[in-house]
Amino acid sequence: MVPKPGDVLYVNGRASVQFGGDRALIFRVIKISGELAHHDWIWLIGYVLDKAGNALARREIFVQKAGLYRADPPRAVVRQPRRKPAAPTPASNGPRQATRATT
């Protein structure tokens, strides 16, 4: 697989031994380095993502193309806007005034 900017990848021990076991990560590619590398190995620049899709750290990694897999992008958390308190109605503005009866 040849990644492109914007791809979200699952990087594990198949891509490089340094990402084996519990060191696997989800990585969003921002750039593929033009540096010369060994056959079928590439330098990727991007961000390590947490489970919510937030970028944790910017990294440059050296990996085998054959060991890369597209990952499902983490689902974004949609926050609902806070509701503004209801405006007071005219009937509820302050204490009521007593009315005098005239006779």
Residue pairs, Cβ under 8 Å, 6 or more apart or interchain, first in the stretch 67-86 and of a type in the set (Asp, Glu), second modelled with pLDDT of 70 or more and not in a loop (DSSP other than H, G, I, E, B). List them.
72/8
For the stretch 33-42, does any single residue satisfy the condition of being of a type in the set (Phe, Trp, Tyr), surrounded by fewer than 17 Cβ atoms within 10 Å (Cβ to Cβ), within 12 Å of residue 63 (Cα to Cα) and over 18 Å from the mean Cα position of the chain (by Cα)?
yes
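The values are calculated or read from the model by the stated rules, or taken from the named source; none is laboratory data. Keep in mind that this is a model prediction, so the values were computed, not measured. Here Cβ is always computed from backbone atoms with ideal geometry, including for glycine, and neighbour counts include all displayed protein chains.
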